[in-house]
1. Dipole size in debye (nearest 20) for chain B around its Cα centre, Lys and Arg Cβ +1, Asp and Glu Cβ -1?
2. Compute the angle between helix B:66-77 and the longest alpha-carbon principal axis of chain B, please, reported from 0 to 90 degrees and rounded to the nearest 10.
3. According to the square roots a ≥ b ≥ c of the eigenvalues of the Cα gyration tensor, what is the shape class of the stretch B:128-239, taking rounded for a/c under 1.5, prolate for a/b larger than b/c otherwise, and oblate for the remainder?
4. Which order do the peptides B:172-181, B:210-219 take when ranked by the mean count of other beta-carbon atoms within 10 Å per residue, highest first?
5. Got a sec? Charge dipole of the stretch A:137-221, +1 on Cβ for Lys and Arg, -1 for Asp and Glu; which of A:TYR145, A:LEU177, A:ALA209 is way out at the positive end?
6. Could you derive backbone 3J(HN,Hα) for the stretch B:85-98 from the dihedral phi with the Karplus parameters 6.51, -1.76 and 1.60 (θ = phi - 60°), listing whole Hz in sequence and x where the residue is Gly or Pro?
7. Distance in nm between label sites at B:ALA24 and B:HIS277, each 7 Å beyond Cα in the beta-carbon direction?
8. Order by neighbour count: B:PHE16, A:PHE343, B:PHE195, A:PHE218, fewest other Cβ atoms within 10 Å first, most last.
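Values quoted throughout were computed directly from the atomic coordinates according to the rules given, and no laboratory measurement underlies them. Everything numeric here is computed off the predicted structure, so don't read it as measured data. Glycine also receives a Cβ, built like all others from the backbone with ideal geometry; neighbour counts cover every protein chain displayed.
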Amino acid sequence: MKNTCCTEHARASAGLPAIEAGMPEPAGTGLSRRSFLLRSAGLGLAVYGAGRIAQLPAFEAGVAHAQAAPAQTVLLSVFLDGGVDNLSLLAPVEDPIYRRLRPNLAIREGRAFAEDSRLAWHPAASSLADLHAEGKVSVLPAVGYTDADQSHFTSRHFWEVGALDPHLRTGWLGRVLDRVGSPDNPLQGISLDGQLAPSLATARNPVAAVDKPEDVGFWTPGAWGPAEELAVPAFTGIGRSLLGSGDPAVAQAARAAAFAGGVRDALAPLGIDGKPTYVPAAAYPQDKDPFPRRLAGFAAMLAAGLPIRAAAIRAPGAWDTHANQADVLPKNLKLTFDSLLAFQRDIEARGLADRVLTLVWSEFGRRAAENGSGTDHGAAGVGFLVGARASGRMIGEFPGLGKLDKEGNLRATSDFRGLYGAICGDWFGVDPAAVLPGSGIGKPVILK
Amino acid sequence: MFGEEQATRLLWRAGFGPAPGQAAELVKLGLHGAVESLTRPKSKRLVGPNPVVDGGPLAPRDAWGHDHLWWLDRMVRTQAPLVERMTLVWHDWFATSKSVVPQKLMLRQNALLRRHALGNFEKLAVEVTKDPAMLLWLNGTSNSRWDVNENYARELQELFCLGAGRGYSERDVRQLARALTGFRNDWTDSGPTRFRFDKKFHDRGAKRIYGRRGKYGWQEAVRLVTRHRRHPEFMVTKLWGYFIPTKPSAKTTKKLARLYVASERDVRPLLEAILTHPDLYDPAKRMVKPPVVQVAGMLRAVGRGIDTPAWAWLCDSAGQYLFMPPNVSGWDDSRWLDTATFRARWQIAQHICEPARLDGEKGDTAPSDPAELVNRAASFWGSPKLSAPVRAGLERYAADTMATADKPWKASSYPVLAENALRMLIATSPEYLTS
């Protein structure tokens with residue numbers, strides 16, 4: 001459905017240097033090719049700007065500086081929006097209570113979960129089972145918080161902000177980026193599905209959203225030469241001049257304008273005319289849903305050396321399976337975990353696997369008893385930490401269906417805030433107490 | 001004070017921006033007259049050319065994306081902009097999506113929302129409860145006396161009428177769900193059909209809701225919620241939030257809630273109170289224009305109708321594809337703009353500017369003075385007010401561009417190019433993206 005006119009991208013990239021396969025490293029400059037390309041882009045604009053467009057080189061310097069630092073760890077946050085049915089994904093297949101509570105929807109069989117013989121993997125999640133067998137998945141079989149809120153929006157908010165605080169406006173990853181990031185590198189926190197993820201909302205440092213990394217140009221109809229080249233620096237400059245606006249609406253528009261041009265420059269090598277110039281290093285599922293393509297683009301961004309620390313994306317499909325669960329859930333599980341397996345293979349092939357950890361989460365699990373064709377909102381749910389450096393060991397245990405809470409929901413045996421605390425400390429090297437309010441919650445071992 | 005600036009803001013907040021000359025006309029009516037012209041429109045007709053896309057009329061019930069174009073066309077051509085704007089508010093409020101619901105049922109719901117646009121909220125809530133699109137979307141027809149499905153009961157309270165955790169318990173969710181049982185539909189090869197209430201499927205037993213016991217039916221259940229003591233405050237603050245970015249004071253909230261209850265939950269008196277409130281006209285309280293509002297407003301400003309299907313994917317990229325809100329809580333009005341959706345707004349401006357672009361080779365000319373260039377470019381959009389930092393940035397752009405004209409042919413051709421680019425820069429400036 002989405003298509004874009006191609007001339008605009010040809011025009012947008014007109015001022016940028018050609019990218020050719022096999023282009024040598026710029027010898028003797030001490031710069032990586034990435035930062036060389038960025039400098040070239042800035043230079044092309046500076047010719048016309050007569051030295052008056054200090055804004056873009058500032059951004060360029062921010063990105064280049066971040067790139068010059070040693071390769072850093074990256075967290076990818078994958079959100080299963082709506083509350084994934086934990087009791088299907090990792091199912092207590094032999095439990096008679098389960099079969100009684102789920103006369104229509106009980107999963108009958110699946111590959112055994114090696115860490116708890118009561119549980120079996122949903123057949124559609126076999127890619128995740130493969131990764132688990134390789135020791136690359138830490139499973140949280142009942143993650144949540146005490147007295148879970150059964151509102152999608154309240155519970156999701158808690159997970160996004162990393163606290164049971166309905167009024168907090170910054171995301172937990174945003175607060176990490178405010179500490180480990182810089183004020184001129186929007187790529188440090190990147191939403192991969194075209195709209196800012198609340199977990200990445202920062203108080204100070206900029207973050208970016210990208211729809212398609214190969215498609216980021218700004219074509220100006222009826223303008224060419226300097227009139228076109230100077231347009232991006234112009235909106236960048238206007239944005240920068242209003243970053244401090246006291247009106248939140250103006251400040252939001254200013255932030256978007258101030259950093260959109262910089263994102264274009266940084267991503268320019270990934271596509272021409274809206275077509276990707278990168279080649280994935282693994283086979284992704286072919287699907288009309290953009291999820292696998294976006295993961296492939298993300299792997300390419302990391303391989304290009306872009307200074308990314310945190311990224312967020314929503315998994316495909318609707319997980320709020322109040323009805324028709326047996327039809328809907330397997331498709332979504334398969335596409336999600338087949339894509340994540342491909343992504344893992346991609347970054348492994350590119351030599352990036354030691355730097356990347358993927359967190360898979362959902363705002364809650366679902367009710368133990370079915371409602372006929374679906375399941376209503378529950379409490380504790382399931383989460384995963386995937387990566388070459390993930391400990392591969394279960395965090396908390398499966399509490400069983402024998403002692404549900406008073407509303408018939410699973411009780412949590414691990415707290416998402418403890419998990420976040422461990423990621424802050426062990427993955428990002430920031431003090432969890434500085435990111436997570438009241439973070440006295442025990443932190444699990446997450447890395448090998 | 002109700003001048004052109006205030007009238008322009010009113011038209012952006014309560015409609016889809018001014019057509020040329022419309023703000024000046026509104027000023028003549030004074031604040032109250034202007035607001036009444038919106039809340040009591042004389043005509044609901046559409047004026048201007050019918051939409052033509054790919055050489056033919058729209059097929060909103062069938063063609064993917066044509067539903068979006070069909071509604072956008074109404075926003076552009078309506079003579080009752082607040083009716084369309086409130087229909088959009090209700091679409092966001094009772095957010096239903098064609099990700100689950102067939103397009104033709106989405107259009108049927110849209111007609112329902114438009115019928116009640118300025119009407120009575122309780123009637124609207126009752127009608128929405130039995131609306132086929134909503135029955136599918138929140139599983140109303142999967143909710144029976146044997147298999148109670150909580151989905152609608154929860155959102156009716158949490159999102160539509162009371163607010164999360166305000167005055168109800170999980171027990172109330174489950175009991176209310178029982179009271180709402182009984183709706184059914186059939187399935188055919190062409191989709192869902194024969195939506196109906198079947199009392200054999202309804203749980204006729206006693207329920208205990210908000211501490212009261214009774215054999216409540218589905219309409220009584222809805223009225224228990226709309227007559228809950230916490231509903232009026234929720235109602236007025238949520239409605240206020242669509243028009244004014246800062247919360248109403250406690251005193252204003254109380255006053256509006258009393259007005260709402262006194263009118264037996266009519267929406268029009270509330271709208272008149274909100275649209276005449278001084279907070280709406282505070283220059284320091286701007287709001288980001290929702291993408292479809294901005295697109296409709298740009299088309300109105302340049303006098304153009306729907307002539308391309310591109311508006312569907314462009315609005316989608318900008319984060320607002322009609323009939324497909326992101327989830328049941330609607331669009332997040334606090335996060336319209338980021339680096340990706342900013343680019344989508346740039347592309348939207350391209351699609352307005354491209355066919356209207358100035359061409360020096362066809363005899364178009366432009367002034368070379370930066371300030372005059374900026375004024376000329378702004379007039380394309382109806383000369384919106386530009387703040388000092390934005391104007392300074394635009395004039396700097398014009399001056400920088402002209403400074404590169406080192407040959408006479410450049411000095412004569414660059415102004416036209418710069419004016420084209422300035423139209424884009426104005427349309428994507430923080431000023432124009434907000435109102």
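1. Numbers: 64 positive and 46 negative charges, 504 e Å.
Charge dipole of chain B: 2420 debye, to the nearest 20.
2. For helix B:66-77, the angle is close to 60 degrees.
3. On the way: a/c = 2.35, a/b = 1.45, b/c = 1.63.
It is oblate, given that a/c is not under 1.5 and a/b is not larger than b/c.
4. Working: B:172-181: 23.7, B:210-219: 14.4.
Packing order, densest peptide first, comes out as B:172-181, B:210-219.
5. Going by the Cα projections, it comes out as A:LEU177.
6. 5, 6, 4, 5, 4, 5, 4, 6, 6, 9, 4, 10, 10, 6
7. Taking the two extended label points, one gets 3.2 nm.
8. Values: B:PHE16 30, A:PHE343 25, B:PHE195 18, A:PHE218 22.
Sorted ascending by nearby Cβ count, the order is B:PHE195, A:PHE218, A:PHE343, B:PHE16.
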